[in-house]
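Student: Got a structure here, written out as structure tokens. Questions coming.
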Amino acid sequence: MKKNMLMFLFIATLGILSGCSSDTAGGENYFGIEKLNKSKAKDILIQDILDSNVIKNNGVDYGKSDIEIVKLCEAYNILETKDEFTGRFQVFWKTTDGDIEEYIQLTQNYTTEKVANHEAIADRCITDL
């Protein structure tokens, strides 16, 4: 009986502790907007946007000063729990002439991707990038 009770307590403790991950908002390993190196992010985003097919196939010779980062938001996967940051940032950008308005994702590792099924978390955005 004691052995069963100890096993139950052990499993219950593990279950509780697994819910206290430090990768969630506010945890020590959480990488959200607050930890983002804005300068590094902006440089990488603008270069990758200029290298994208959207820009290359447009027929206009855009430069760095022609790309405006409108806002950057923490994102969640719409196929999973809403408002749970997935480590991706949804970045909305446009050209200064207004001809192109697009989005791209930035990862915590400062790489860019264009993937579906991610939405911005509205109250976790910045516009001063």
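Student: Kindly check whether there is at least one residue in region 114-123 that is in contact with a helix residue (DSSP H, G or I) (Cβ under 8 Å, 6 or more places away or on another chain) and crowded, with 17+ Cβ neighbours inside 10 Å.
Tutor: Among the residues of region 114-123, not one is in contact with a helix residue (DSSP H, G or I) (Cβ under 8 Å, 6 or more places away or on another chain) and crowded, with 17+ Cβ neighbours inside 10 Å, which makes the answer no.
Student: Also, I was wondering about something else. So which of Ser18, Ser39 is surrounded by fewer than 10 Cβ atoms within 10 Å (Cβ to Cβ) and either modelled with pLDDT of 85 or more or of a type in the set (A, V, I, L, M) (or both)?
Tutor: Ser39
Student: Quick check: is even one residue across region 70-84 buried (at least 18 other Cβ atoms within 10 Å of the Cβ), within 17 Å of Asp51 (Cα to Cα) and either out of contact with any helix residue (DSSP H, G or I) (no Cβ under 9 Å at 6 or more places or on another chain) or in the same structural domain as Leu50 (by TED's automatic domain parsing) (or both)?
Tutor: Scanning region 70-84, I find no residue that is buried (at least 18 other Cβ atoms within 10 Å of the Cβ), within 17 Å of Asp51 (Cα to Cα) and either out of contact with any helix residue (DSSP H, G or I) (no Cβ under 9 Å at 6 or more places or on another chain) or in the same structural domain as Leu50 (by TED's automatic domain parsing) (or both), so the answer is no.
Student: For Asp66, only one of the following conditions fails: (1) at pLDDT below 90; (2) over 14 Å from Leu106 (Cα atoms). What is its number?
Tutor: (1)
The values are calculated or read from the model by the stated rules, or taken from the named source; none is laboratory data. This is a predicted model, so every value here is computed, not measured. Cβ sites come from the backbone with ideal geometry, for glycine too, and all protein chains shown count toward neighbours.
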